[in-house]
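Every read-out reported here was derived from the displayed coordinates using simple, explicitly stated rules and does not represent laboratory data. Worth saying up front: this structure is predicted, and the values here are computed from it rather than measured. When we count neighbours, we look across all protein chains shown, and the Cβ atoms used for this are built from the backbone with ideal geometry, even at glycine.
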Amino acid sequence: QNDSGKAVAELKTSLRQYPNDPGTRAFLSRLYALEGKYGKAYRQLKSALANPKGIDVNDQAETYLTMAALARRLGQENAAAAYAARAHDCRTYLRPQGMPLLRHQLFAKENEKILKKAFPEELLKKMR
């Protein structure tokens with residue numbers, strides 16, 4: 001068994017003990033996605049989002065964007081649009097002037113290629 005397989009086995013064991021742990025589910029989702037198992041990745045991340053308060057607020061936008069990308073890969077365009085909208089709605093007011101930091105990070109120049117790859121141009125226009 002390779003390292004990824006061992007990690008998946010350990011995470012599954014952890015989930016039997018702590019089935020509602022969103023961090024474990026999110027990590028398992030990432031491993032599945034790296035293995036090209038997008039359906040499994042999608043289901044694990046969807047379960048993680050059932051308890052979004054367990055996901056650090058700074059990671060919520062990224063988590064919703066990942067869900068949107070997975071849904072799109074699985075041909076679920078409506079779900080992809082809904083998750084992208086949720087990512088857009090995630091805001092963390094860490095700056096004194098109340099600027100939504102995550103939104104600025106999301107649309108930062110260095111993320112432009114990733115966003116263009118993951119979402120249709122019409123959706124990106126609506127998100128901005």
Subject >> Counted charge near Arg30, where neighbours are those whose Cβ lies closer than 12 Å (Asp, Glu -1; Lys, Arg +1) >> reply: 0
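Could you pull out the pairs from Lys6/Lys37; Lys6/Lys53; Lys12/Lys46 whose alpha carbons sit more than 18 Å apart here? Please list the in-between numbers first.
On the way: Lys6/Lys37 16 Å; Lys6/Lys53 28 Å; Lys12/Lys46 16 Å.
From the list (Lys6/Lys37; Lys6/Lys53; Lys12/Lys46), the Cα-Cα distance tops 18 Å for Lys6/Lys53.
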